[in-house]
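The structure under discussion appears below in the form of structure tokens.
The values are calculated or read from the model by the stated rules, or taken from the named source; none is laboratory data. Predicted, not measured: the structure shown is a model, and the values here were computed from it. In this analysis, Cβ positions are derived from the backbone assuming ideal geometry, glycine residues included, and neighbour counts consider all displayed protein chains.
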Amino acid sequence: RKTPSSENNTNYDFCEFLIELANYERNVNRNIYKYNAYRNAANTLAAYPTRIKSGEEAQKLKGIGAKIAKKIDEFLQTGKLQKLEKIREDDDSTAINLLTRVSGIGPAKAKELVDANIKSIEDLKKNKGKLNHHQLIGLKYFEDFEKKIPREEIKRIEDFIKTEIDELDSEYKITVCGSYRRGKAESGDIDVLITHPSYNSKDGSKKKSHLLKNVVEVLKSKKLITETISLGDVKFMKTCKNHSEGCVARRLDIRLIPQDQYYLGILYFTGSDLFNKNMRAHALEHGFTLNEYTLRVAGEPVKITSEEDIFDYIGYPYKQPSERN
Ligand code: DCP
Ligand code: MG
Ligand code: MN
């Protein structure tokens with residue numbers, strides 16, 4: 001399966017500049033619409049079997065309009081893009097792009113820091129007072145968190161977590177989602193969904209807190225989790241430091257999902273985010289609203305008992321996780 005980042009894609013260099021433009025739109029201009037448009041175009045070109053020879057040829061494909069076609073022509077003729085050259089020369093844009101790579105720093109915070117003349121990792125270290133708990137951990141483990149996690153390591157952590165939680169209470173159900181479930185050879189973090197038969201969305205908030213706390217406590221006592229980034233209601237993000245793996249800190253994202261919403265949660269957290277957006281748009285066009293919690297038709301929630309159910313209801317062709325890019 002070819003993706004924008006896989007080098008076996010014959011349109012790799014086009015994808016590269018489209019992704020760079022996408023990140024610029026998200027991080028610097030905070031224009032999510034353009035960010036998605038560039039990423040959609042990159043996905044389309046990556047899946048295209050032959051080398052694109054002109055903007056005109058590209059423009060026939062879904063998600064590629066006149067503006068991107070023009071950029072393809074410019075790149076074919078000159079080997080570069082004026083627009084990107086300018087962006088790369090701009091110090092503030094470069095600094096914003098860098099700072100958003102710190103876990104917990106989004107485009108708005110990055111802009112605020114750059115406006116205060118904080119433009120490098122070194123600058124951040126001298127200005128810790130401007131950072132919250134999550135951002136401080138992001139800074140502390142900046143180098144570690146940039147390292148991709150090999151699939152085999154995630155597999156070992158998956159087995160470890162399943163064994164420990166099973167010992168705690170064998171009724172928990174655990175699924176590792178994210179890019180790992182999509183079959184990627186390496187991932188940015190580890191996305192773990194858990195559910196328990198005693199927890200349903202109608203129960204209110206009492207039960208879930210101890211169900212999640214107990215899991216976190218066990219994983220802390222076993223030294224898998226060494227730092228807690230955020231303790232929201234349902235969302236938990238953890239730093240995990242697996243000592244058998246040469247002490248590289250990893251991001252571990254654990255979420256407890258009510259049993260009746262588990263498959264919607266799995267679909268959502270398997271992604272990709274772009275796949276989710278496109279699937280949601282399809283749902284809307286057919287009179288459904290789809291999010292990570294519910295699928296509704298005419299305002300009424302639909303009962304879901306598998307991932308396939310969701311595709312069936314909205315008339316979207318079923319895609320294996322590995323095809324959801
Ligand atoms: N997600 C989404 N929209 C977002 C963020 C996340 O739909 N804005 C969903 C889809 C993602 C999943 O959550 O696949 C997990 O988010 P991650 O950021 O962990 O992304 P991935 O696991 O896909 O990639 P990575 O390897 O970078 O972790
Ligand atoms: Mg992930
Ligand atoms: Mn994640």
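Of these, A46, A41, which one is among the hydrophobic types (A, V, I, L, M, F, W, C), at pLDDT 95 or above and part of a helix (DSSP H, G or I)?
On the way: A46 fails: at pLDDT 95 or above.
After ruling out the rest, the residue left standing is A41.
Assess whether S205 counts as being at pLDDT 65 or above and either surrounded by fewer than 20 Cβ atoms within 10 Å (Cβ to Cβ) or of a type in the set (D, E, K, R) (or both). Talk me through it step by step, then tell me what you get.
Working: at pLDDT 65 or above: no; either surrounded by fewer than 20 Cβ atoms within 10 Å (Cβ to Cβ) or of a type in the set (D, E, K, R) (or both): yes.
Criteria not met by S205.
Yes or no: the stretch 257-279 includes at least one residue that is away from ligand 2 (no atom under 14 Å from the Cβ), surrounded by 16 or more Cβ atoms within 10 Å (Cβ to Cβ) and aromatic (F, W, Y).
Checked the stretch 257-279: at least one residue is away from ligand 2 (no atom under 14 Å from the Cβ), surrounded by 16 or more Cβ atoms within 10 Å (Cβ to Cβ) and aromatic (F, W, Y).
Picking from T100, T163, T195, which residue would you name as being within 16 Å of ligand 3 (Cβ to nearest atom) and either modelled with pLDDT of 95 or more or surrounded by 14 or more Cβ atoms within 10 Å (Cβ to Cβ) (or both)? Before you say what the answer is, go through the steps one by one.
Numbers: T163 fails: within 16 Å of ligand 3 (Cβ to nearest atom); T195 fails: within 16 Å of ligand 3 (Cβ to nearest atom).
Matching residue, one of T100, T163, T195: T100.
State yes or no: is I137 among the aliphatic types (A, V, I, L, M), more than 14 Å from ligand 1 (Cβ to nearest atom) and not in a helix (DSSP H, G or I)?
Details: among the aliphatic types (A, V, I, L, M): yes; more than 14 Å from ligand 1 (Cβ to nearest atom): yes; not in a helix (DSSP H, G or I): no.
For I137, the condition - among the aliphatic types (A, V, I, L, M), more than 14 Å from ligand 1 (Cβ to nearest atom) and not in a helix (DSSP H, G or I) - is not met.
Test of understanding: among V102, V114, which residue is part of a helix (DSSP H, G or I) and under 25 Å from the mean Cα position of the chain (by Cα)?
Working: V102 fails: part of a helix (DSSP H, G or I).
The match here is V114.
Would you check if T163 is touching a helix residue (DSSP H, G or I) at 6+ places or on another chain (Cβ under 6 Å), more than 16 Å from ligand 1 (Cβ to nearest atom) and of a type in the set (S, T, N, Q)? Give the steps one after another, and end with the answer.
Values: touching a helix residue (DSSP H, G or I) at 6+ places or on another chain (Cβ under 6 Å): no; more than 16 Å from ligand 1 (Cβ to nearest atom): yes; of a type in the set (S, T, N, Q): yes.
In short, no.
Could you list, in sequence order, the residues of the stretch 154-206 that are without any contact (Cβ under 8 Å) to a residue 40 or more places away in the chain, within 16 Å of ligand 2 (Cβ to nearest atom) and in a helix (DSSP H, G or I)?
Of everything in the stretch 154-206, those that are without any contact (Cβ under 8 Å) to a residue 40 or more places away in the chain, within 16 Å of ligand 2 (Cβ to nearest atom) and in a helix (DSSP H, G or I) turn out to be I154, K155, E158, Y180.
Six or more apart or on different chains, Cβ under 7 Å: which pairs go from a residue in the stretch 311-323 that's under 16 Å from T270 (Cβ atoms) to one that's aromatic (F, W, Y) and part of a loop (DSSP other than H, G, I, E, B)? Could you list them?
That search, which allows pairs on different chains as well, returns F311/Y318.
From K109, K70, K60, which residue is over 25 Å from the mean Cα position of the chain (by Cα), basic (K, R) and more than 18 Å from K34 (Cβ to Cβ)?
Going through K109, K70, K60 in turn, just one is over 25 Å from the mean Cα position of the chain (by Cα), basic (K, R) and more than 18 Å from K34 (Cβ to Cβ): K60.
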